[in-house]
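> The structure under discussion is supplied below as structure tokens; questions concerning it will follow.
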Amino acid sequence: MTTSTNENDLIDTPEEAGGAFADALTVLRIAMMPIIVYLIWKGWQPVAEGGINIGLTVLASVLFFVAALTDIFDDFLGGNERSIYRRFGYLDDIADNILVIGTLAALLFVIHRADMLTWTFALPALIFIGREIFVGLFKGYELSRYIWPDTKLSNAKAGLAMLATCLLLASPWLQNWIDQMRAGTDNVAEVFATTSPWVWIAGTVILWIAAILSIITAVILFRTELDDTLLEDVSLEDGE
């Protein structure tokens, strides 16, 4: 019995191996999102049902941090999404969006369930989620023509969104750890009598910046597409 091997499936060079590993990290990032969402759902319970489970929130935070790191390593190992050594490079941005959108949506749900949702978090989160879904659908259609290039603003937006989500997700246990460090052994009563959600506030501020950048980059994206469309129309008219 003989077997045939597709030559396109062979990995012959270190660059191809790096691209394959980068694609695996991208797929792993997508696969980790539902696990993180489940941990948020179980870990952020209303006070009447036990409140926040620090162990589960730590685990969710660590998994999100590891998933965010894979975004750095897949670019380092296999190049960006346009690298010729990556078969599924187009999933890179999609994986980032799925990870952040899924985590923010889960946080919105559990905080609303606990009746503690405020507009200062809900508004930037919804702006970012809505923008990414709308632009993602548009880019998904346009990917049949070409891949949208990354810009400094879009990279900054993505990085800040990752950082903000990481801080928001880690805020229960990270704030507790910071308060313990501040308290030491001398001013425990003073610190824990005036605790403030500094980590959550920092995450919310960064999320606002990411949301504003998401609007700016969306406007630039659609203006660029509109200009390209107008140029194509003019070229066709000149050709006629």
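> Ordering 168, 137, 126 by how much accessible area each has at a 1.4 Å probe, largest first, what is the list?
Reading off the accessible areas and sorting them downward yields 137, 126, 168.
> Among residues other than residue 48 whose Cβ falls under 13 Å from its Cβ, what is the net charge (Lys/Arg +1, Asp/Glu -1)?
The answer is -1.
> So who's got an amide H within less than 5 Å of the one on residue 52, skipping anything under 5 residues away but keeping other chains? H placed 1.01 Å off N, in plane.
So residue 52 has HN proximity to 45.
> Please list 131, 223, 29, 113 in order of solvent-accessible area, largest first, computed with a 1.4 Å probe with all protein chains present.
Descending order: 223, 113, 131, 29.
The values are calculated or read from the model by the stated rules, or taken from the named source; none is laboratory data. Worth saying up front: this structure is predicted, and the values here are computed from it rather than measured. Using ideal geometry, Cβ is built from the backbone for each residue, glycine included, and neighbour counts are taken over all protein chains shown. Note: areas computed on protein heavy atoms with side chains; ligands, DNA, RNA excluded. Shrake-Rupley method; radii C 1.70, N 1.55, O 1.52, S 1.80 Å.
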